[in-house]
Amino acid sequence: GLLWLRWQPFTEVPAGERWLGVALIAGGLLFRLVAAKYFVNVFDRLSFMPCIFGIFLLVGGFRTIQWAWPALGFLIFMFPLPTLFEVRVLGFLQKIASVSSTFVLQVLGVAAFREGNLISIPGMDTPLTVADACSGLKMATIFGALAVAMVFVIERPWWDKFVILLSAIPIALIVNIVRITVTGLLYMV
């Protein structure tokens, strides 16, 4: 969709730009081979980006890259986060979700208390577990991708777009806290 919204017709491409596209494709494939040989998944995945930019440069030159770069850059969201980054962020978001959901439940008058990532509510046989899947990381990634797509699509001043980008993560956190809180309240019923 992002590519279609910014579409411009192809024009004649100078030979130098085509050869640069071929070099990008070759470099990306070489990068992929090395990453695959040494089992470096992050680099293996990211080798796709120079290849796709190389294909667009080969077919349409720099003029095509000028209108296609937002859609091509948006493809970065299709890759999973690096494991080291994911583990660190996952634990942090899981703790925020546990602490905040327990606090909201207490404000609502429920005698909830937290032990690690477990929220104990009186009357429940087992505590409510805020598991890795409940950390909100996937939700934050989706909201981030939607915010970036929105920034590319809308015609607004730069500061409006900046606010949209900054609000993606807090909105994802709030939605996740509401989801966990509502789940705790429903368990009580």
Exercise. Given the conditions (1) outside any loop (DSSP other than H, G, I, E, B); (2) in contact (Cβ under 8 Å) with a residue 24 or more places away in the chain; (3) surrounded by fewer than 16 Cβ atoms within 10 Å (Cβ to Cβ); (4) not small (Gly, Ala, Ser), and given that residue 10 satisfies all but one, which numbered condition is not satisfied?
Worked result: (1)
Exercise. Would you say residue 160 is more than 25 Å from residue 79 (Cα to Cα) and surrounded by fewer than 16 Cβ atoms within 10 Å (Cβ to Cβ)?
Worked result: yes
For this session: Could you please let me know if residue 20 is free of Cβ contacts under 8 Å to residues at least 60 places away in the same chain, closer than 19 Å to residue 141 by Cα and in a helix (DSSP H, G or I)?
Result: no
Problem set entry | First in the stretch 23-41 and under 24 Å from residue 86 (Cα atoms), second anywhere and open to solvent by 90 Å² or more (accessible area, probe 1.4 Å), Cβ under 6 Å, 6 or more apart | 35/43
Seminar exercise, completed: Going through the stretch 109-148 in order, the residues found to be surrounded by fewer than 18 Cβ atoms within 10 Å (Cβ to Cβ), aliphatic (A, V, I, L, M) and part of a helix (DSSP H, G or I) are 133, 142, 145, 146
Seminar exercise, completed: For residue 81, the lone unmet condition from (1) in contact (Cβ under 8 Å) with a residue 40 or more places away in the chain; (2) assigned to a helix (DSSP H, G or I) is (2)
For this session: Report yes if some residue within the stretch 64-86 is farther than 30 Å from residue 153 by Cβ and open to solvent by less than 80 Å² (accessible area, probe 1.4 Å); otherwise report no.
Result: no
Problem set entry | the stretch 13-28, residues that are surrounded by fewer than 15 Cβ atoms within 10 Å (Cβ to Cβ) and of a type in the set (A, V, I, L, M) | 15, 22, 23, 26
Problem set entry | Which listed residue, of 137, 93, is of a type in the set (A, V, I, L, M) and either within 30 Å of residue 68 (Cβ to Cβ) or over 23 Å from the mean Cα position of the chain (by Cα) (or both) | 137
Problem set entry | Those residues of the stretch 163-182 which are open to solvent by 50 Å² or more (accessible area, probe 1.4 Å) and closer than 25 Å to residue 133 by Cβ, in sequence order | 169, 170, 171, 174, 175, 178, 179, 182
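The values are calculated or read from the model by the stated rules, or taken from the named source; none is laboratory data. Fair warning: this is a prediction, and the values are worked out from it, not measured in the lab. Quick reminder, even Gly has a Cβ in these numbers, built from the backbone with ideal geometry, and neighbours come from all protein chains shown. Quick note on the areas: whole protein, heavy atoms, side chains included, nothing else; ligands and nucleic acids left out. Shrake-Rupley method; radii C 1.70, N 1.55, O 1.52, S 1.80 Å.
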